[in-house]
Amino acid sequence: MTTNSATTTATPATKGMSRQTLFVGVLLALGLIAPFAVYPVFLMKGLCFALFAAAFNLLLGYVGLLSFGHAMFFGWSAYITAHAAKEWGLTPEIAVLLGTFCAAGMGAVVGWLAIRRQGIYFAMITLALAQLMYFVALQAPFTHGEDGIQGVPRGHLFGLIDLNETMNMYYFVFGVFVLALFFLYRVINSPFGQVLKAIRDNEPRAISLGYQVHRYKLIAFVISAGLSGMAGSVKSLVFQLASLTDVHWHASGEVVLMTLLGGVGTIFGPTAGAYLVVTIQNYFATLGSWVTIIQGVIFVVCVLAFRSGIVGVLRPLLKKRGIEA
Amino acid sequence: MMTLFGIPAAALFGQLLLGLINGAFYAVLSLGLALIFGLLNIINFSHGAQYMVGAFVAWLGLTYLGANYWVALILAPLVVAAVGVVLERTMLSRLYKLDHLYGLLLTFGLALIIEGVFRNLYGISGIPYAVPKELAGGWNLGFMYLPIYRAWVVIASLVLCVGTWLLIEKTKLGAYLRAATENPALVQAMGINVPIMITLTYGFGVALAAFAGVLAAPIYSVNPLMGSNLIIVVFAVVVIGGMGSIMGSIVTGFMLGLLEGLTKVIYPEAASTVIFMVMVVVLLIKPAGLFGKGA
């Protein structure tokens, strides 16, 4: 019986594998040719937020933890990278890595505090800690308060490739995004990722099976914070600016919205959600607070009627064709 | 000039009074949050927006209807409660069977909509609201000058908090409410209409926020963003106090307000962050919160 089912599933699985490869290949190719058709700075902004949302999704989608304070990692690593590139003259890759590691370190402290409480309290604690870090950013001298760190040099990647060239910058951002997303994919599909899903679905059972639930949650939180930081670091190089906008609770809300709209717990959902939200921001930017109202409406609609998100809705259709989204 | 610990006494007491007033708002808002959480199991993220709407109803009433402060004090909570009841019936009630986090996300979306609409209409610069003439002026207490309106805010909030506490702990209605918080299915089986109780609790909780908004209008100017920063501090207050006890929310709110006022005198740079730091310390020592039970 078991061998039977194994052999019957084997063929679609291998066939599915090639379809999956094809699907990812098409997406990669689209990403590579996109800057020739679409304004590259818009694409880069989308990629930064897509990475941010994907990192956030690791927590919400695969561990079931809603952090309402992820802007602190995003915004603070932007400050650190901007400061390192501008004041210390570090090369972009080192500055980005520095921002990423600082965010991961911050994530270790914040996660260690926040996982002491669950569910709704977890969300409130992360929000409150992010607000604390917002006020620190507002008052610390090196962040330059309301002005932010302006005129951040993009520099030369590895001291060789000039990132002031828009296309070079785009492919750098795209490369970082692809690597980070691949890393997340591997984490989710590793034995570690399976334990995370077990904790999400039934935490008491995971504990009774002998898993150190707190340790797993903390590691997931650190990874999520670190990659959020990477997104913020890259964004500060793209826009040559690190400002209070990115540490504000509004940014924390936006990343939740992107993930929810794209599909919580899907691999490509956050990317889709991020591009949609960034598009809305760009189109309605001149209309001031209408962006906020529209975002609020999307939140309400998603929660009431569209909880699986865009990719969540498409997923069964794609699965039939052997594609995991 | 009289000084205490090297600080001018008038400045010290002035800041402590302002702290007490902030504490009153923390107490009233966290009380409403705790009530709503107890029965609905959701954290009402739009609480800050509803506080802001309360202040705006007062200002709009005065400007367009000529309704004075005392009318606003009744009118604003009623209006906000009515809207709250509609929101609960049409939206929140669909989420009770789902993960609690969806309630948080929905009310966050509602907060964004409400704030966005008011920002569109009235901009982000505050609109002044005059202190009612019955409460204008102040008393010179010798060691400090006490504006009557500020004393009124503290007293009114205290009365409101204690009244709510009495309502919940000492009346039959309160007993039903506490029972429904523990076990809604059982209370429903006893023939008590729990869905209506849930709706009214939400209405009452947000009415408290609106009342606080009217109290705040003459002190802080009426501003579409006045609620969003406050609500995050109130979340920290709720984490510190734990939502298990009504009296706990009240005491924690007032104490943290005082602490914030004191910090403003001693080390002003930390005034905006001190409550969050207290939260960190409480999480380290007593993760369930000062008055909380369990995790």
*How many of the residues in the stretch A:88-146 are among the aromatic types (Phe, Trp, Tyr), more than 27 Å from A:Asn202 (Cα to Cα) and outside any loop (DSSP other than H, G, I, E, B)?*
4
*Which condition does B:Ala288 not pass, out of (1) more than 9 Å from chain A (Cβ to nearest Cβ); (2) surrounded by fewer than 19 Cβ atoms within 10 Å (Cβ to Cβ); (3) touching a Gly at 6+ places or on another chain (Cβ under 8 Å), if it passes all the others?*
(1)
*How many of the residues making up the stretch A:171-189 are crowded, with 20+ Cβ neighbours inside 10 Å and under 12 Å from A:Val234 (Cβ atoms)?*
5
*Kindly state which helices (runs of 4 or more DSSP H) lie completely within the stretch B:1-120 and contain at least 3 residues that are surrounded by fewer than 19 Cβ atoms within 10 Å (Cβ to Cβ).*
B:9-40, B:69-90
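Of all residues in the stretch A:227-261, which are touching a Pro at 6+ places or on another chain (Cβ under 8 Å) and more than 27 Å from A:Leu163 (Cα to Cα)?
A:Met258, A:Thr259
Please state which one of B:Ser46, B:Ser125 is touching a Ser or Thr at 6+ places or on another chain (Cβ under 6 Å) and among the hydroxyl-bearing types (Ser, Thr, Tyr).
Numbers: B:Ser125 fails: touching a Ser or Thr at 6+ places or on another chain (Cβ under 6 Å).
Just a single option satisfies the conditions, and that option is B:Ser46.
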*Got at least one residue in the stretch B:227-240 being away from chain A (no Cβ under 14 Å) and out of contact with any Ser or Thr (no Cβ under 9 Å at 6 or more places or on another chain)?*
no
_Which listed residue is in contact with a helix residue (DSSP H, G or I) (Cβ under 7 Å, 6 or more places away or on another chain), in contact (Cβ under 8 Å) with a residue 40 or more places away in the chain, among the small types (Gly, Ala, Ser) and outside any helix (DSSP H, G or I), from B:Gly244, B:Gly253, B:Gly289, B:Gly261_ = B:Gly289
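So is A:Phe68 of a type in the set (Phe, Trp, Tyr), under 23 Å from A:Ala123 (Cβ atoms) and assigned to a helix (DSSP H, G or I) or not?
Here the answer is no, as A:Phe68 does not meet what is asked.
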*Please verify whether the stretch B:60-67 includes one or more residues that are within 11 Å of the chain's Cα centre (by Cα) and at pLDDT 90 or above.*
no
*Would you call B:Trp139 more than 29 Å from B:Ser93 (Cβ to Cβ), touching a strand residue (DSSP E or B) at 6+ places or on another chain (Cβ under 6 Å) and away from chain A (no Cβ under 14 Å)?*
yes
*Say we look at the stretch A:277-302 and pick out the residues that are touching a residue at least 24 places away in the same chain (Cβ under 8 Å) and hydrophobic (A, V, I, L, M, F, W, C); which of these is farthest from the other protein chains (Cβ to nearest Cβ)?*
A:Val278
_Given the criterion over 12 Å from the mean Cα position of the chain (by Cα), hydrophobic (A, V, I, L, M, F, W, C), more than 30 Å from B:Arg89 (Cα to Cα) and more than 14 Å from chain A (Cβ to nearest Cβ), identify the matching residue among B:Ile21, B:Ile7._
B:Ile7
*Filter the stretch A:303-325 for residues that are within 8 Å of chain B (Cβ to nearest Cβ) and among the basic types (Lys, Arg) and give the result.*
A:Arg307
*Failed condition for B:Leu177, given (1) more than 14 Å from chain A (Cβ to nearest Cβ); (2) over 21 Å from the mean Cα position of the chain (by Cα); (3) among the aliphatic types (A, V, I, L, M); (4) assigned to a helix (DSSP H, G or I)*: (2)
*Would you point out which residue out of B:Lys286, B:Lys264 is farther than 30 Å from B:Tyr149 by Cβ and charged (D, E, K, R)?*
B:Lys286
*Give the stretch A:279-317 a look and list any residue that's closer than 22 Å to A:Leu43 by Cα and hydroxyl-bearing (Ser, Thr, Tyr), or say none.*
A:Thr279, A:Tyr283, A:Thr286, A:Thr292
*Yes or no: B:Tyr145 modelled with pLDDT under 85 and more than 21 Å from A:Gln295 (Cα to Cα)?*
yes
*the stretch A:139-160, residues that are loosely packed, with under 15 Cβ neighbours inside 10 Å and of a type in the set (A, V, I, L, M)*: A:Ala140, A:Leu160
*asked:* Need the failing condition index for A:Lys45 against (1) more than 15 Å from the chain's Cα centre (by Cα); (2) more than 17 Å from B:Leu104 (Cβ to Cβ), just the number.
replied: (1)
*Do any helices (runs of 4 or more DSSP H) entirely within the stretch A:239-325 hold 2 or more residues that are modelled with pLDDT under 90, and if so, which?*
A:269-284, A:290-305, A:309-320
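The values are calculated or read from the model by the stated rules, or taken from the named source; none is laboratory data. None of the values given here were measured: they were computed from a predicted structure. Neighbour counts run over all protein chains shown; Cβ positions are idealised from the backbone, glycine included.
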